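Down below is the structure, laid out as structure tokens.
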Amino acid sequence: MAVKEKKKRHWLSHLSFGTVSLVLSALLLLAYLSVVVDPAKAWFFTLFGLLYPLVLPLTVCLFIWALIRRSHMRGLLFLVLLPSLIFAGRYVQFRRHEPAAEPSLKVVSYNVGLFAHGPSGSDRLVLADSVSRWLCAQKADIICLQEFHLPLNVSMDNWLRKHFPGYKAEYYILTGENGHFGNVTLSRRPVKEKGKIDFEKSTNLSLWTDMHLDSSTVRIYNCHFESYNISLSNLVKKDGAMEETEQKMRRSITERPKQVAEVLRGVDNAPVRSIVLGDFNDNPLSYTYYRLLRGRHDTFVKAGKGFGATYRSLWPLLRIDYILYPKDLEAVSYTVPKVKYSDHYPIIATYYETGRDSR
């Protein structure tokens, strides 16, 4: 009986190990597919991409255990892990980047979270003052802000002129009963043209600005794509929260591809090459990211080190803020300072011009 019981446990162990291996392999494959499946047609594929930072380390651990056990599942696990040799680098970088030249351009992108993430009870304008001082200390050539907010009784022009001396400010702000809200682009470089791309049925937008560099002109797309607008606390406290959360996720996931298409139409028709940056509200294994990446480089992949995550609450799982640059620039450095003024971390990048024609 003891031998029979032992064989039964051994058989069950193999079965459960094989089942877990198949489930994780399937989740990885679906995550890879999320970069090519349009969420407007199958919105749930985006969820598999979001799970990737959790599924990948679990699959790696399972693969190591399969090698130790000499399990017949090790071949399958090895095959499904192979694409991650490419995809994992979108989340974490280990190599040291050696710049070929001194940078001539410094760019900062920062979702400032409406200046609403200071200590409990703190005034938004006080936090806005702290953020502006920190940003000015970076001495960047270009600063792009998303979810910028000021009260109704504060003049945008006067506030920006006072807090960012030496910068020319371009902004598009929606004014409502709760204040001024929108995107702001600040530049110490000469500005030639400017405009905006409105997204249908959304308060989100993309602000574009043509700026003169040392030897050419570049168009900066300061983007804020559709947010999830999900409150984690409501999932526990509020009746019907699950249904509401699903509706919000579905809307956000299906709207972003349309907004990306609007920006890409602008990029394709622009007379100069473009840097596309901002809060994309999507992870690096997503349809949004890969559409915007075509013809451009990801600064983190080229010049970053460590985890690239930019969303504070779920660090190091979520990288949703990006700077994608054209091929006639070369990335020198990329950092994500862990300052706690917002629910996002800022990203800082430096570049030099190579002279290659990217158009």
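The values are calculated or read from the model by the stated rules, or taken from the named source; none is laboratory data. Given the structure is predicted, the values throughout are model-derived calculations rather than measurements. Positions of Cβ are generated from backbone atoms using ideal geometry, with glycine treated the same way; all protein chains shown enter the neighbour counts. Note: accessible area is taken over every heavy atom of the protein model, side chains too, but ligands, DNA and RNA are not part of it. Shrake-Rupley method; radii C 1.70, N 1.55, O 1.52, S 1.80 Å.
Selection of the stretch 180-218 for residues being in a strand (DSSP E or B), over 15 Å from Leu277 (Cα atoms) and either acidic (Asp, Glu) or open to solvent by 80 Å² or more (accessible area, probe 1.4 Å) (or both) yields Lys192, Glu193, Lys194, Asp198.
Would you mind stating whether Leu29 is open to solvent by 40 Å² or more (accessible area, probe 1.4 Å), closer than 27 Å to Ala261 by Cα and in contact (Cβ under 8 Å) with a residue 24 or more places away in the chain? Yes.
Just give me the residues in the stretch 273-300 being within 28 Å of Glu102 (Cα to Cα), surrounded by fewer than 20 Cβ atoms within 10 Å (Cβ to Cβ) and touching a residue at least 60 places away in the same chain (Cβ under 8 Å), in sequence order. Of everything in the stretch 273-300, just one residue is within 28 Å of Glu102 (Cα to Cα), surrounded by fewer than 20 Cβ atoms within 10 Å (Cβ to Cβ) and touching a residue at least 60 places away in the same chain (Cβ under 8 Å), namely Gly295.
To keep it simple, each residue is scored yes or no on (1) aromatic (Phe, Trp, Tyr); (2) closer than 19 Å to Asp141 by Cα; (3) without any contact (Cβ under 8 Å) to a residue 40 or more places away in the chain; (4) open to solvent by 50 Å² or more (accessible area, probe 1.4 Å).
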position: Pro316; (1), (2), (3), (4): no, no, no, no
position: Ile320; (1), (2), (3), (4): no, no, no, no
position: Ser333; (1), (2), (3), (4): no, yes, no, no
position: Lys340; (1), (2), (3), (4): no, no, no, yes
position: Tyr352; (1), (2), (3), (4): yes, yes, no, no
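Whether a residue is at pLDDT 95 or above and farther than 23 Å from Val263 by Cα was assessed, and Thr335 passes this test.
Scanning the stretch 156-179 for residues that are part of a loop (DSSP other than H, G, I, E, B), over 21 Å from Thr203 (Cα atoms) and open to solvent by 30 Å² or more (accessible area, probe 1.4 Å) yields a total of 3.
Looking at this structure, is His117 surrounded by 13 or more Cβ atoms within 10 Å (Cβ to Cβ), touching an Asp or Glu at 6+ places or on another chain (Cβ under 8 Å), more than 21 Å from Ile220 (Cα to Cα) and of a type outside the set (Lys, Arg)?
On the way: surrounded by 13 or more Cβ atoms within 10 Å (Cβ to Cβ): yes; touching an Asp or Glu at 6+ places or on another chain (Cβ under 8 Å): yes; more than 21 Å from Ile220 (Cα to Cα): yes; of a type outside the set (Lys, Arg): yes.
Judged against the criteria, His117 is a match.
If the condition is being surrounded by 15 or more Cβ atoms within 10 Å (Cβ to Cβ) and farther than 23 Å from Ile275 by Cα, then the stretch 135-153 contributes His149, Leu150. What are the residues in the stretch 73-107 that are outside any helix (DSSP H, G or I), in contact (Cβ under 8 Å) with a residue 24 or more places away in the chain and of a type outside the set (A, V, I, L, M, F, W, C), if any? Answer for the stretch 73-107, where residues must be outside any helix (DSSP H, G or I), in contact (Cβ under 8 Å) with a residue 24 or more places away in the chain and of a type outside the set (A, V, I, L, M, F, W, C): Pro83, Tyr91, Gln93, Arg95, Arg96, His97, Pro99, Glu102, Pro103, Ser104, Lys106. Based on this model, can you work out whether Trp43 counts as modelled with pLDDT under 95 and within 33 Å of the chain's Cα centre (by Cα)? Judged against the criteria, Trp43 is a match.
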